[in-house]
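Written out below as structure tokens is the structure these notes cover.
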Amino acid sequence: MTGRAQRGGTPGPAPRPPSHTHHPPEAPAQDTTMWQPNRLEEERLEKARRLEAAGIELYPRRVTRTHTAAAALAARQAAEAAAGTTEPPETLVTVAGRIRRASIKGKVAFMHIEDETGRIQLFFRINDLDETRYGFIKDKLIEVDDFVQATGALMRTTAGEISVRVTDFTLLAKSLSPLPVIKQQVQEDGRVVEYGEFSDKETRYRQRYADLAVNKNVRDTFIVRSRVLKAMREFLDDEGMLEVETPILQPLYGGAAARPFTTFHNQLEQELYLRISFELYLKRLLVGGYDAVYEIGRDFRNEGVSFKHNPEFTMMEFYKAYIDYHGVMDIVERMMAHIAGRVLGSTQVTYGDHTIDLTPPWQRLTIREAVLARTGIDYMATPDAESLAALLEERFGQRVKPGTPWGKMVVDELFGTHVEPHLIQPTFICEYPRDVSPFAKRAERDDRHTERFEVFIAGMEFGNAFTELNDPRDQEARFVEMAALYRTGDDDETPLDEDYLRAMRYGMPPCGGFGIGVDRVVMLLTNRHIIRDVLLYPHLRREDGSA
RNA sequence: GGAUCUGUAACUCAGUGGCAGAGUACCCGCCUUUUAAGCGGAGUGCCGCAGGUUCGAAUCCUGCCAGAUCCA
């Protein structure tokens, strides 16, 4: 795509070398590639000039729409029903939208225009308009992809389609670059078959506006996304939780195991991190006296891009006083069932080949039970890193990087490789090892594990929760323990946050908390298997890489 | 980071050493109820970028850029 995008471009300045320093700040690289119209665009520019020469404003300020496409269709149907005839009194409407199809038949012409509510046909006759203005349609000076407004009486064509018999029309916005061509055929049963496609993934992601303009199913996906967020907020609000906003720019990052993005504040002369989670700021609010808080927002992790990872993604976390992780599980089950019910009207979800049932209660297993059931291994028989590493190599030929902590091996290698992909129906996996869970309370009568769970659906991790550690002395010991286990710069590094400990020393109520990847919820409910398909603007490498 | 694949017209794609192709779109002509409209005609390009091999390269080789899939 690079080459195509650059074709005919003037030889702009060489791409800037990547900057590894954040200060002093540099102006962002400017895209100086001038637009070089291709042949089709030259033709449209010429049409634009001819329209302007005829006194037509290409981008007028005012619109006088009276009906959406759907409202106009409904108005005609209502009028016919009321009159009990297919010849009801005339309804005059003004509709507006993008021309998606044009069929010029000599002295008569048909168009479909589309707005967010759907399509409606416009019917033009030379008799109904003066010849000059009809000529704009016939000569395709106003054409597919342009936005127009049309006024006229609602009618039915001989083929029976509700249409606007156009007596007046206005160009609303001229399109200078043609969109990809997709033709539609509406079947007898109402299904729409599309001919031609715009399927090049790279172009669709880079030019999402064109993707949306042309692919209705993509528009629908992001409508569902909005409804998922709305249903989630509605549930949490109804639970009595307070929605809050905490800093995205943080002097110290924490609350998850991930590498952060760093940036620099010039006046404060200070490095700042883009948050990798909200956890530590939200729990400070429980110290402050709120019983339950939640936040929905963006997290940033400077890690690989994959079918389920984007460097920025949407997270929801809540923390609630006076419940433990079993209380959290109850809320999570009900929340997911509520969202699915609101968005899909059912707690049965089709995902790929699976039918997933989100109806509570969900299965609850300890990670030890889950690993034992799937592999026959009781990892407590190999209670140290060396013996577990030896077992992994012997049983599965898995080699683990030397120095990997025992619990990390249990979670990533034993559980992650052999159990996680099989967890299709929603499952709470409980009691994670302590050395990967620095903010979770220790399990009762078991120093190796914590009161932590993760949720798995469709073989993917959806969320993570603890009975939150609220003992400042234990928390400080955990920071020290993590510092000994993981090196600076490791993904799992957990920097000691003295301000967080200060807050906890004032007294933090016993509480449970939860975090969930919202993008994955959207993937589940839209049956999409690639995170980029539920992100409007997924991150790609910059386009102008070719030297 | 590794492996494999992909990049040709606005879109979707053929073309694997000998004149750059198809369908749709676009352009010209005809058509007063079409709807993937139809009929007739014409045109379309840095074949991702840069080198190399060759009498000759979209095609073979090398490097680079971008993307996809799988793996880490």
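The values are calculated or read from the model by the stated rules, or taken from the named source; none is laboratory data. All figures in this text were calculated on a predicted structure; none of them were measured in a lab. Don't worry about glycine lacking a Cβ; one is built from the backbone with ideal geometry, like all the others, and counts go over all protein chains shown. Ligands, DNA and RNA are stripped out before the accessible areas are found, and what is left, the full protein with its side chains, is counted by its heavy atoms. Shrake-Rupley method; radii C 1.70, N 1.55, O 1.52, S 1.80 Å.
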For helix A:216-238, what angle does its Cα long axis make with the longest principal axis of chain A, in degrees from 0 to 90 and rounded to 10? 50 degrees
Which of the three applies to segment A:40-178, rounded, prolate or oblate, going by the alpha-carbon gyration tensor with a ≥ b ≥ c and a/c under 1.5 meaning rounded? prolate
On average, how much accessible surface per residue is there in chain A, in Å², for a 1.4 Å probe, leaving out ligands, DNA and RNA? 51 Å²
Run through segment A:98-151 and list the GluC sites (Glu not before Pro) located in a DSSP loop whose Cβ has at most 14 other Cβ atoms within 10 Å. A:Glu116
Share of carbon and sulfur in the accessible heavy-atom surface of chain A [1.4 Å probe, %]: 50 percent
Between A:Glu543 and A:Asp237, what length comes free when the chain is fully extended (0.36 nm per residue of separation minus the Cα-Cα distance, one decimal in nm)? 106.0 nm
For helix A:39-53, what angle does its Cα long axis make with the longest principal axis of chain A, in degrees from 0 to 90 and rounded to 10? 50 degrees
Roughly what % of DSSP beta bridges within segment A:40-178 run antiparallel, to the nearest 5? 90 percent
Structure-based [θ]222 nm, chain A - -39500 (n - 2.57) summed over DSSP H runs of at least 4, per residue, nearest 500: -9000 deg cm²/dmol
Using protein chains only and a probe of 1.4 angstrom, how many square angstrom of A:Asp491 are accessible, to the nearest 10? 60 Å²
Cα-based shape type of segment A:360-445, given that a ≥ b ≥ c are square roots of the gyration tensor eigenvalues and the cut on a/c is 1.5: oblate
If r is the Cβ-Cβ distance from A:Tyr290 to A:Ser226 and R0 is 22 Å, what FRET efficiency results, to the nearest 0.05? 0.20
With every protein chain left in place, what is the accessible area of A:His309 in Å² (1.4 Å probe, nearest 10)? 80 Å²
Would you kindly calculate the translational diffusion coefficient of segment A:300-347, applying Stokes-Einstein with the Kirkwood radius from alpha carbon pairs, for 10 °C and a viscosity of 1.306 mPa s, and quote it in µm² s⁻¹ without decimals? 119 µm²/s
Label point 7 Å beyond Cα of A:Thr66 along Cβ direction - residues of segment A:74-118 with amide nitrogen under 15 Å: A:74-77, A:79, A:89-96
Going by accessible area, probe 1.4 Å, with all protein chains left in place, what is the ranking of A:Glu57, A:Glu394, A:Glu234, largest first? A:Glu394, A:Glu57, A:Glu234
Dividing the convex hull volume of the alpha carbon atoms of chain A by its residue count, what do you get in Å³ per residue? 214 Å³
Net charge of neighbours whose Cβ lies under 15 Å from the Cβ of A:Ile248, counting Lys and Arg as +1 and Asp and Glu as -1: -4
As a quick test, which of the pairs A:Lys230/A:Lys320; A:Lys230/A:Lys408; A:Lys174/A:Lys201 have an alpha carbon distance above 24 angstrom in this structure? A:Lys230/A:Lys408; A:Lys174/A:Lys201
How much accessible surface area, in Å² rounded to 10, belongs to the heavy atoms of A:Arg50 with a 1.4 Å probe? 120 Å²
Among the trypsin sites (Lys or Arg not before Pro) within segment A:126-205, which fall in a DSSP loop and have no more than 12 other Cβ atoms within 10 Å of their own Cβ? A:Arg191
Indicate, rounded to the nearest 5 percent, the antiparallel portion of the DSSP beta bridges found entirely in chain A. 90 percent
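Could you work out the percent of alpha carbon pairs in segment A:77-155 separated by over 14 Å, rounded to a whole number?
Roughly 64 percent, once rounded to a whole number.
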Probe radius 1.4 Å, ligands and nucleic acids left out: which of A:Phe222, A:Phe318 has the largest accessible area, and how do the rest follow? A:Phe222, A:Phe318
Looks like segment A:209-278, by Cα gyration tensor root eigenvalues a ≥ b ≥ c and the a/c under 1.5 rounded cutoff (else prolate when a/b is bigger than b/c, oblate otherwise), is oblate
Please identify every one of the trypsin sites (Lys or Arg not before Pro) in segment A:420-492 that sits in a loop by DSSP and has no more than 12 other beta carbons within 10 Å of its own beta carbon. A:Arg445, A:Arg487
Give me the lysines in straight-line cross-link reach of A:Lys401: C-alpha distance below 29 Å, same-chain residues under 8 apart excluded. A:Lys308, A:Lys441
